[in-house]
Amino acid sequence: GLGKKLVVNMLEKIVRIGRLFDLYSALLTEKQQRCVELHYLQDFSLSEIAEELCVSRQAVHDMLRRAEHILEEYEGKLRLLERQEQDREILRQVQQLLMSLPENMQNIPALGEARRQLSMLLEVAHDI
């Protein structure tokens, strides 16, 4: 129902902000970075962050909204996250193509090595 959809949307937002933060955090102020880290990565409440940073809860709320806007703005211009996702999808497609080769080709050493390296790339891409 609606409750489940809201939870899924919140989880998707948390993951997206986390990924955008990984890419663009250096473009935020130190205080914005700290707010995003505490709220999205360490699951602090706004009140807990306010106490930690010695500011009001409203100031934390405003700082988070501003940081989210900045992260989305940079993604809108630079599209690094979008490109990462496209690259990851291409890697998956190449992996599927390699796995679908006929049985007699599966034992070719170069193909085995290509599959291993591709798996490593996909692991690294997943961690990003």
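Inside the stretch 101-115, residues that are assigned to a helix (DSSP H, G or I) and open to solvent by 80 Å² or more (accessible area, probe 1.4 Å) make up a count of 3. Looking only at the stretch 116-125, residues that are open to solvent by 70 Å² or more (accessible area, probe 1.4 Å) and either at positive phi or at pLDDT 85 or above (or both) come to 5 in all. Considering only residues in the stretch 1-48 that are farther than 19 Å from Tyr74 by Cβ and polar (S, T, N, Q), the one that is most open to solvent (accessible area, probe 1.4 Å) turns out to be Gln42.
Got a sec? Which of Glu73, Glu85, Glu68 is within 20 Å of the chain's Cα centre (by Cα), at pLDDT 90 or above and either of a type in the set (Gly, Ala, Ser) or surrounded by 16 or more Cβ atoms within 10 Å (Cβ to Cβ) (or both)? Only one candidate passes the filter, namely Glu68. In the stretch 82-103, the residues that are farther than 26 Å from Arg19 by Cα form Cβ pairs under 8 Å with partners that are surrounded by 12 or more Cβ atoms within 10 Å (Cβ to Cβ), at six or more places apart or across chains, as follows: Leu98/Leu111; Leu98/Ala114; Leu98/Arg115; Leu98/Leu118; Met99/Arg115; Leu101/Leu111.
The values are calculated or read from the model by the stated rules, or taken from the named source; none is laboratory data. Everything quoted here is computed from the prediction, not taken from an experiment. Please note: Cβ atoms are built from the backbone with ideal geometry, for glycine as well, and neighbour counts cover all protein chains shown. With ligands, DNA and RNA removed, areas are computed over all heavy atoms of the protein, side chains included. Shrake-Rupley method; radii C 1.70, N 1.55, O 1.52, S 1.80 Å.
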